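Structure first, commentary second.
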Amino acid sequence: MRNADGSVTEREIAPHAIGAAALYAVVTRLDSDDLPGDLGLIETAELYETGEVRRGDDAVAVEDVSLGEADGRNGIPVTYTRDAIADLLATDADRSHPELSVERVVTPEDVLDAMEEGLADAPVFSRGEAGEFERRREPVEARVRERQREDVVDAILAEATVSTERVAEYVEHVYAWDGDEDIETDRGTEAPDPLAMKVFETETLGRFDEDDYRGTAPTRPVEEFRRERVIRALTRYAWRNRGDAFSVDEVDLGEIPELQTVLESNDLADVKRRFPDLDPAEWDDPPADTETARIKAETIDRLRDRGYSPASAELTSRTVMRDLREEWTDLDVDASDDASGDGSRRNGGDPTWD
C-alpha cells in the first residue's frame, strides 16, 4: 500500500479473510423467511456457491430445493465490502509482536468487525436492516472459525495422518500375504514385502514392537491382527459389494477401524491423544524445550506451506487455541474403547494408534 509520502508498506490479507467478507455479504442477501428446506443461512449460502451441501451422509443439491425468490435483492453491496477492506489495508491494526509484523495482517475477524461496525452509520441501510445484518454476523464468524480450526488441526496432525495411497499399499500387501500371492509393481510381479508390512504396523499403526516379529516374519499376534482386523474387514466389504469384481483399489479403507484412525486423524481428540503434553493455554508464548513449543513451531511451518505467512499463521493459531482451551480441558480421550481388545498401549504408552 502506498503511503502519503510515496513510500510503500506491505500488508497481508490472511487466508479466509476475503472468504469471510464474501460469506457475510451473501448471508445478508438471503431471505431468512424463505430458506430452502431446513437449511440454515450458512448452508444456503454454500449451496449457492457450490451447488451442493452435505447433511451427514446425504447431499442436498441446488436442483432439489426451491431457492428464495427475494434472495439477492437486498443486503450488503459489494462497494461497502470493498471500502471496508480498503480502509483496513490503509492502516495498521492495534496489535504487536516482538518479531512479526502482525499489525500489518488483515484477519477474517478484522474484516467482519469492520463490516459490522460500519452498518449503523452507513446511509445505505435502514435501522432495521443494520440490526438484522448485525445479527447475521455470528454464524458467519462461527463458520470461519471452523475453517481456521481445520487448518490448524490439520497442520498439527500432518505427520500423524497417512495418505490413502500408503494405507492401500499396506492392505494390498497383507491381502497378498494372506493368499500367498504376488502383487503387481512397477518392477513387475513381486512377493508381498514383509519389511514394509512390519514398518507400517510398528511405526504407523503403533500396534506392535520388535518382539512381535522374528526378523520380519510375523508372530501369531501379528498374523491374527492381519487376518482378523484387516482381512476380515476386507471380506465383509467384498460380501456387501458382491456382484462387483472385488479389487483392493475399490475398497473404502475407512471401513477398516484399525486403518480409519490413521486416515482420519483430523479432530481435537486426535491431537490430544497424539500430544497429551500440549497445553493450548501456553500457545501464545510457550516455554522453551516443551512439547507445546515444538508442536507450535512445526505447525507454523506447515501453515506457511499452505498459504499463511509467519505473522498470519501466528495470529490464526493463537485464535484457534484460545477457542480450544476450555474444550481441551474437558476432553476425555480415554473414553473410547481400546481397538486391540486387550487394554495394552504400544510405543511407550502413546495412545494415538490404540
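Results, tabulated for the structure shown:
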{"quantity": "Gyration tensor verdict on the range 12-150 (Cα atoms; rounded if a/c is under 1.5, prolate if a/b is larger than b/c, oblate otherwise)", "calculated": "oblate"}
{"quantity": "In nm, spacing of pseudo-spin labels at Ser96 and Ala22 (7 Å Cα→C-beta vector)", "calculated": "3.6"}
{"quantity": "Using a Förster distance of 30 Å, the FRET efficiency for Ala120-Glu326 (Cβ separation, nearest 0.05)", "calculated": "0.40"}
{"quantity": "Extended-chain gain in nm, criterion 0.36 nm per residue less alpha-carbon gap, Asp58 and Asp305", "calculated": "85.6 nm"}
{"quantity": "The range 34-119: trypsin sites (Lys or Arg not before Pro) in DSSP loop, at most 10 other beta carbons within 10 Å", "calculated": "Arg73"}
{"quantity": "Added length on full extension, which subtracts the Cα-Cα distance from 0.36 nm per residue, Arg232 to Asp186", "calculated": "13.8 nm"}
{"quantity": "Cα gyration tensor category, rounded, prolate or oblate, for the range 149-223 with a/c compared to 1.5", "calculated": "oblate"}
{"quantity": "Mean-position separation - Cα centroids, the range 77-118 and the range 156-186, in angstrom", "calculated": "47"}
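Computed from the coordinates by the stated procedures, all read-outs in this text should not be read as laboratory data. Everything numeric here is computed off the predicted structure, so don't read it as measured data. We place every Cβ from the backbone using ideal geometry, glycine too, and count neighbours over all the protein chains shown.
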